[in-house]
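Q: Below are the structure tokens for one structure; questions will follow.
The values are calculated or read from the model by the stated rules, or taken from the named source; none is laboratory data. Everything numeric in this text was worked out from a predicted model, so none of it was measured. Quick reminder, even Gly has a Cβ in these numbers, built from the backbone with ideal geometry, and neighbours come from all protein chains shown.
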Amino acid sequence: MAQIENPLLKENVRKDWIDYNGHMTDSAYAAVFSMAVDQLMVELGIDADFRDKHQYSIYTLETHLCYIAEAHEGQALQVKIQLLDYDAKRLHVFFTMENEKGDPLATSEQMLMGMDMNEGRPAPFPTEIHTRVKSLGNLHKSLQMPKQAGRTIGIRKK
């Protein structure tokens, strides 16, 4: 199961992720965080076979990305996760993308929802998935809230 000190995902910055400014484009950061959600699903037991058999998946409801530092072509990336909260059908997760030295490059705070794919409606986590979610929650419950979590966007008035 994903622990905050261990990467959930490892990836290298691909050539086609580089923009006209010479660093990773904003959409590529989002793509890497999306891959991290996919890997989280696998770790929770929601792989392709599970989705086909149970017609159950996880959808992303909301995401908030913070760009901290540039990533460049070929650079090694790792994404770590912290489960901030959960209930019967939702996960409030916080991903941190780091370089090979562990320096933060970006964060993504997300609200994820368990979905009945036949009905196209939210549905509680199946028992075996909920057990894994609880286990992850127990691993992360004593962790400090990340400073970027819960931020809002706005222009500060002086």
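Q: So Leu105 fits all but one of (1) of a type outside the set (D, E, K, R); (2) surrounded by 15 or more Cβ atoms within 10 Å (Cβ to Cβ); (3) under 18 Å from Leu40 (Cβ atoms); what number is the exception?
A: Failed condition: (3).
Q: Continuing with this model, one more query. For Val32, are the conditions met, namely being within 11 Å of the chain's Cα centre (by Cα), within 19 Å of Ala106 (Cα to Cα) and modelled with pLDDT of 95 or more?
A: Criteria met by Val32.
Q: Please verify whether Ser57 is free of Cβ contacts under 8 Å to residues at least 40 places away in the same chain, hydroxyl-bearing (Ser, Thr, Tyr) and either under 25 Å from Gly154 (Cα atoms) or surrounded by 14 or more Cβ atoms within 10 Å (Cβ to Cβ) (or both), treating the condition exactly as stated.
A: Criteria not met by Ser57.
Q: For the structure I just gave you, tell me whether Ala71 is among the small types (Gly, Ala, Ser) and over 26 Å from Ile46 (Cβ atoms).
A: In short, yes.
Q: So Gly102 ticks every box in (1) free of Cβ contacts under 8 Å to residues at least 40 places away in the same chain; (2) of a type in the set (Gly, Ala, Ser); (3) farther than 18 Å from Pro7 by Cα but one. Which box is left unticked?
A: (3)
Q: Pairs please, first residue from the range 124-150 and under 14 Å from Thr96 (Cα atoms), second anywhere and basic (Lys, Arg) and modelled with pLDDT under 95, Cβ atoms under 8 Å, 6+ apart in sequence or on different chains.
A: Every condition considered, no pair remains.
Q: Restricting to the range 35-67, give me the number of residues that are under 12 Å from the mean Cα position of the chain (by Cα) and of a type in the set (Gly, Ala, Ser).
A: 1
Q: Within the range 39-68, which residues are among the polar types (S, T, N, Q) and not in a strand (DSSP E or B)?
A: Once the filter is applied, which keeps residues that are among the polar types (S, T, N, Q) and not in a strand (DSSP E or B), the range 39-68 yields Gln39, Gln55.
Q: Of everything in the range 107-135 that's among the small types (Gly, Ala, Ser) and either part of a strand (DSSP E or B) or touching a Cys at 6+ places or on another chain (Cβ under 7 Å) (or both), which residue is nearest to Tyr29 (Cα to Cα)?
A: It comes out as Ser108.
Q: Somewhere in the range 9-29, is a residue within 14 Å of the chain's Cα centre (by Cα) and within 20 Å of Tyr86 (Cα to Cα)?
A: no
Q: Which one of these is in contact with a strand residue (DSSP E or B) (Cβ under 6 Å, 6 or more places away or on another chain), part of a loop (DSSP other than H, G, I, E, B) and buried (at least 19 other Cβ atoms within 10 Å of the Cβ): Ala71, Ala36?
A: Matching residue, one of Ala71, Ala36: Ala71.
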